[in-house]
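K.L.:
A single structure is presented below for examination.
Read-outs: derived from the displayed coordinates by stated rules, not from any lab. Remember, it's a predicted structure, so these values are computed and weren't measured experimentally. Note that each Cβ is placed from the backbone with ideal geometry, even for glycine, and that neighbours are counted across all protein chains shown.
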Amino acid sequence: MRLHRLTLRDFRGVAARDLDFDEAGVTVVLGDNETGKSSILEALSLLFELPDDSKAAKLRAVQPAGRDVPSEVAAELTLGGQRVHYRKRWFRQRLTELRVDPGGHTWTGREAHDEAARLFAAYVDQSLWAALVVGQEHALAVPAAGSVAAVLTALDESAGGEVDHGASVPLVAAVEREYQRYFTRTGRPSGDYAEAISRRDQERVRVEDAQARLVEVEQDVGRAERLTRDRATMSARLREQEARVAELSDRRQAADELVGQVERLRRDAEFAAAQAEAARAEAERRTALVAEAKERDRAATEAEEVRLRSAAALRVAEQEWEHATAALRVARDEQAARRAEVRRLDAHLSRLRDRSDLADLEERLAAVEEAREQERRAAAALERANVDEAALEAAESAHVDVLAARAALAAGAPAMVVRRLGDAGVELSGVPLEEAHREVTVDRDTTVSVPGVVEVTVRPGTGAAELAAATASAEDAERRLLAELGLPDIGAVRQAARARAEAERALTVAREDLTRRLEGRTFADLVAARDQLLARVTDDGRLDDPAGDRADGDRADGDRADGDRADGAGGDDDSGGDVWGNRAEGAATLFDAEPLPVQKSLPRKRSLPARKSPAKETLAVNEPLPAEEPLPAETPRSVKETLTAGEPLPRTQERTREALARAQAEDVAAAEALARAEAAEAGVRTAFEAARDEATEARVRAEQAAERRADIRDALDRDRARQGDELLTAALDKAVQEAAAIAADLAGAEEAVSRSGAGRLGEQLAEATTLRAQLAEQVEHLQDELSRVEGALERAGAQGLATAAERARAELAHAEEHHATLERRALAAARLRETLERHRAEARLRYAAPLRERIETLGRVVHGPSFGVGLGADLEVEARTVDGIRLPVSSLSTGAREQLATLVRLAIAGLTATDGSGVPVVLDDALGWSDPGRLQAMGALLARAGATGQVILLTSAPDRYVGTVPGARVVRI
């Protein structure tokens, strides 16, 4: 059976719902509680059970409460290979329709109900339906497989039987009822059978004396004839069986000899195959050894060639490195001379700038003093202004509270209009009313009076009084705040706040101006710098003595004042930046670079221990390199004339800057030449190091290759000394031939054993021997019985017995005939009951193993390899074993019992899914007590069940199946 579609209309709390189910696979129906998931099972049950005119109470329960509407259920399903469309409506506008395809046969009304019930009974095993379609209330019940006819049929077919348990189950009940007509539950006769026995006994008592011996004689005569015939027949069969036993014994002996010969040949074949395989492996190893020797010889030759090329390349790289080192020394000397000249001119220019810088510093100090005065004035003004932003915000907030309270009072308090209508005087709360009319907000008790005539008092009420109190409180708070500030109103507070803001802006501008003029220094620093410059400028004869300039030109940069600049700018340079503290540092950075490191010899790589090499030429990489050739001692003439001639220094800043610029350009050119020389030397040195490393590596590789070649040759020579190539080949050919010959003999012997039928001879001989013993026992029993009967006939005589018994025979014959009839029926019922019970017990024992194996296979996915179950007489699960612990089902936890029940249902579904008798597995909110790990494993088993059948899961928990059952289709309701 397969369910394809189900439709519900006004069924319990479901107004209208259409559900489609996959014919195979897992369908998860997901919905909240009280959405009608459980109604699906109830609707299917009622559709096939109750006609549309039924008055059953359980049918009335599905009609929507408080609504007189019809309830309708329609299903599309497959039964016995037929597509069935079945629809039924109860209560109002009753309807039953059935259509079966192919063929398009249709029924309506009661005929449709009866035909649908017949189809359901014919193609759906009711016990299987009860076991696999499970509501919430039965989720923990473990089904008994022995009560499901389809399971018994499937198990019997798997065991090779052909029992139709769908029919045998009611047959057992009928046999039991027939048996109880003749016997009690303890096996004693009862009913008609007991009465017949009693009547027969009574008749026998009455005719016992006359008929007993006659009956015995007649029976003995017939028995003697029958025994004689049976003894002759059994004796002949015994002789035939003895001859067959002898024949089978001879054939069994010959077959045993053939089997022994096959076993010996099989052992010889295995040994010969092993010998051939060992010889083949030895030959393959020799071939691989020869190939490896050739490969190592080639590798050693190539490595020696690479070593020779690397040694030659190393000698060339060493010569190039020596030339590059000499050129680098010349470039370093040239750059050092140029840098010394730049320093001398820079020191001279610094002295010329001192006077110009002194004037700039005096002017800067005056501007700084003016900015400091402005700052003091602005700070004083700010001190006088006492309304800051916080005070202004508080005053504004208090004023807004007053306005809000007044507005609320105006909106919430009653208004009163007073008009003067004549000349009489009118007073408003004791104050004369001057104008013709006035509108008054009544926020407190207010009186309107005409003196001597009338007085009217108007009270505002509770809400207006509260608003008036709130307004008074807000006004009082504003007055206290204005009093603290010493100002009359909010306008004065705002004016004072603006004045403070102006003072703050003025102070900020003054401080920014002072910071800009100080340029990150303090006023004391500027005064100290001015005093230092003044002391240096007042040094007499400092700029007028060229010799002194030359002497001073050699002093270190640290002797210049903090205000010296090293950027080459004159005293009239207005460029920004700190010209006092960083000038000396800048000069030192530009001109006082660290001296270049002296070229040291490169470190020698440590060589591997020297070994004898088959090659005659080996480059001594570890020998010391040739000593460096000394550079020429003379510096080029142009450099010496420029740097040591002692030319006089320029007298002006302009000329000094020009001379400094030329010296700096020459220094830059010398530095670039030095950089090029260094780059060239570094590149050549890197090439030399690479060549040296390559030569060393090539030498090591050549030595290693030579060693490996010698090793493989030694191994090959030792192997050939042990067994030559020709002997090895001959041994392999011999082993292969011997193995082939033994294999041919083995094939012939096995064919002879197959022709002899040795596999069945043992069983045939055992069967024949058993049958011979049975026949001999029968012959002996017949002979004994015949001797006893013949002796009785000799002792008894028949003369006169027939006449004496004739008178009672009629009554006795009638009683015995009646008794015999009932006895045959009773004994037949007893034998049939006994046979059915015996077969049923045997079947249960035979079925238990495959059923248990299927349940345990599923359970080990969830509980691990130690999972096992014990089955009872009705194939029900009595106990579960995990990790060696056996527990009865009743002692399991709720989650474990629910998992076990689901495993048994999946096992039943798997057994019945292949023969077309299966039904869908429908579980309503099952596995709610399972932990996440076991729920994941159960989900895999549900997906596996869906691969061969139809599984429908009803749940309100989206994480129970949606993320655990692979390939499941989710239908949300």
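K.L.:
Once the principal axes of the Cα atoms of the stretch 256-347 are found, what is the range along each, listed largest first in whole angstroms?
P.N.:
124, 32, 6
K.L.:
Could you calculate the FRET efficiency of Ala130 with Arg838 from 1/(1 + (r/R0)^6), where r is the beta carbon distance between them and R0 is 25 Å, rounded to 0.05?
P.N.:
Computed FRET efficiency for Ala130 and Arg838: 0.35.
K.L.:
Once phi is turned into θ = phi - 60°, what whole-Hz ³J(HN,Hα) does the Karplus curve with 6.51, -1.76 and 1.60 give for every residue of the stretch 336-345, x standing for Gly and Pro?
P.N.:
5, 5, 4, 5, 4, 5, 4, 4, 4, 5
K.L.:
Points 7 angstrom from Cα along the Cβ direction at Ala57 and Ser473: gap in nanometres?
P.N.:
Modelled inter-label distance: 6.9 nm.
K.L.:
Find how much the distance from Glu439 to His818 grows on full extension, using 0.36 nm per residue of separation minus their present alpha carbon separation; answer in nm with one decimal.
P.N.:
123.3 nm
K.L.:
Could you list which residues have their amide H under 5 Å from that of Ala879, counting only those 5 or more apart in sequence or on another chain, with H placed in the peptide plane?
P.N.:
Correct list: Gly870, Val889.
K.L.:
How much FRET efficiency would the formula 1/(1 + (r/R0)^6) give for Glu305 and Glu282, where r is the Cβ-Cβ distance and R0 is 45 Å, rounded to 0.05?
P.N.:
Given R0 = 45 Å and the Cβ-Cβ separation, E is 0.80.
K.L.:
Want the number for Glu853 to Gln704: 0.36 nm per residue separation, take away the alpha-carbon distance, what's left?
P.N.:
Values: separation 149, 0.36 × 149 = 53.64 nm, distance 6.42 nm.
That works out to 47.2 nm of additional length.
K.L.:
Here's a follow-up. Quick check on the stretch 270-410: take the gyration tensor over C-alpha atoms, sort the square-rooted eigenvalues as a ≥ b ≥ c, and tell me if it's rounded (a/c under 1.5), prolate or oblate. Intermediate results must be reported in sequence, preceding the final value.
P.N.:
On the way: a/c = 12.91, a/b = 1.79, b/c = 7.23.
Cα axes put the stretch 270-410 in the oblate bin.
K.L.:
Treating only the Cβ of Lys, Arg, Asp and Glu as charged (+1, +1, -1, -1), what charge dipole size does the stretch 1-158 show about its Cα centre? Round to the nearest 20 debye. Intermediate values should be presented prior to the final figure.
P.N.:
On the way: 19 positive and 23 negative charges, 125 e Å.
Dipole magnitude for the stretch 1-158 comes out near 600 debye.
K.L.:
What relative contact order, as a whole-number percentage, does the stretch 1-80 give when Cα pairs under 8 Å and 6 or more residues apart are counted?
P.N.:
Dividing the mean separation by the residue count of the stretch 1-80 yields 51 percent.
K.L.:
Rank by packing, highest mean first: peptides 340-350, 194-204, 445-455, with packing defined as the count of other Cβ atoms within 10 Å averaged across residues. Write down the numbers at each step before the final one.
P.N.:
Working: 340-350: 21.1, 194-204: 15.7, 445-455: 12.4.
Ranked from most to least packed, the peptides come out as 340-350, 194-204, 445-455.
K.L.:
What whole-number volume per residue, in cubic angstrom, does the convex hull of the C-alpha atoms of the stretch 835-973 give?
P.N.:
So the per-residue hull volume is 123 Å³.
K.L.:
Using a simple charge model, +1 on the beta-carbon of Lys and Arg, -1 on the beta-carbon of Asp and Glu, nothing else, what dipole does the stretch 194-295 show about its Cα centre, in debye to the nearest 20?
P.N.:
160
K.L.:
When the convex hull of the Cα atoms of the stretch 644-773 is projected onto a plane and the area is averaged over all directions, what value comes out in nm²?
P.N.:
28.1
K.L.:
Could I ask something else about it? Would you pull out the residues with amide H under 5 Å of Val133's amide H, same chain only if 5 or more places away, H placed 1.01 Å from N?
P.N.:
Val922
K.L.:
Testing the spin-label approximation: label points 7 Å from Cα along Cα→Cβ at Arg713 and Leu403. State their distance in nm.
P.N.:
In this crude label model, Arg713 to Leu403 measures out at 11.3 nm.
K.L.:
Under the rule a/c < 1.5 gives rounded, and otherwise a/b versus b/c splits prolate from oblate, where does the stretch 931-973 land using the Cα gyration tensor? Let's see the in-between values first.
P.N.:
Working: a/c = 2.05, a/b = 1.03, b/c = 1.99.
Oblate is the answer for the stretch 931-973, as a/c is 1.5 or above yet b/c matches or exceeds a/b.
K.L.:
Quick check: from the Cα gyration tensor, does the stretch 243-290 come out rounded (a/c under 1.5), prolate or oblate?
P.N.:
prolate
K.L.:
Let me ask something additional. Can you check what the Kirkwood hydrodynamic radius comes to for the stretch 908-954, Cα pairs only, in Å to one decimal?
P.N.:
Across the stretch 908-954, the inverse of the average 1/r is 11.4 Å.
K.L.:
By what distance, in whole Å, do the Cα atoms of the stretch 465-528 stretch along each of the three principal axes, largest value first?
P.N.:
So the extents along the principal axes, rounded to whole Å, are 74, 17, 16.
K.L.:
First obtain the Kirkwood hydrodynamic radius of the stretch 414-505 from its Cα pairs, then insert it into the Stokes-Einstein equation at 4 °C and 1.567 mPa s, and state the resulting D in µm² per second as a whole number.
P.N.:
Once the numbers are plugged in, D ends up at 78 µm²/s.
K.L.:
Return Thr96, Thr7, Thr457 ranked ascending by Cβ neighbour count within 10 Å, so the fewest neighbours appear first. Before the final figure, lay out the partial values.
P.N.:
Values: Thr96 23, Thr7 17, Thr457 10.
Starting with the residue having the fewest Cβ neighbours, the order is Thr457, Thr7, Thr96.
K.L.:
Let me ask something additional. Debye sum, Cα scatterers, the stretch 1-109, no solvent: what log₁₀ I/I(0) at q = 0.10, 0.16, 0.17 1/Å?
P.N.:
After summing over all Cα pairs, the log10 values are -0.29, -0.74, -0.83.
K.L.:
Charges at C-beta only: +1 for Lys and Arg, -1 for Asp and Glu. How large is the resulting dipole of the stretch 316-425 about its Cα centre, in Debye rounded to 20?
P.N.:
380
K.L.:
Step through the residues of the stretch 323-331 one at a time and calculate ³J(HN,Hα) from phi using the Karplus curve (6.51 cos²θ - 1.76 cosθ + 1.60, θ = phi - 60°), rounding each to whole Hz and writing x for Gly and Pro.
P.N.:
Per residue, the Karplus-derived 3J(HN,Hα) values read 5, 5, 5, 4, 5, 5, 4, 4, 5 Hz.
K.L.:
Using the count of nearby Cβ atoms within 10 Å as a rough guide to exposure, how do Ile973, Ile885 rank from fewest to most?
P.N.:
Ranked by crowding around the Cβ, least crowded first: Ile885, Ile973.
K.L.:
Could you list which residues have their amide H under 5 Å from that of Val426, counting only those 5 or more apart in sequence or on another chain, with H placed in the peptide plane?
P.N.:
Correct list: Leu433.
K.L.:
Continuing with the same structure: Label points 7 Å out from Cα along the Cβ direction at Glu878 and Leu428: separation in nm?
P.N.:
10.9
K.L.:
Out of the GluC sites (Glu not before Pro) in the stretch 26-63, which ones are loop residues according to DSSP with at most 10 other C-beta atoms within 10 Å?
P.N.:
Numbers: sites: Glu34, Glu42, Glu49; in loops: Glu34.
Here the GluC sites (Glu not before Pro) that fit, given the DSSP loop and packing criteria, are Glu34.
K.L.:
Beyond 13 Å, how much of the Cα-Cα pair distribution for the stretch 710-787 remains, as a whole percent?
P.N.:
81
K.L.:
May I ask you to evaluate 6.51 cos²θ - 1.76 cosθ + 1.60, the Karplus curve with θ = phi - 60°, for each residue of the stretch 764-770 and list the ³J(HN,Hα) values in order in whole Hz, giving x for glycine and proline?
P.N.:
Calculated HN-Hα couplings, in order: 5, 5, 5, 4, 5, 5, 4 Hz.
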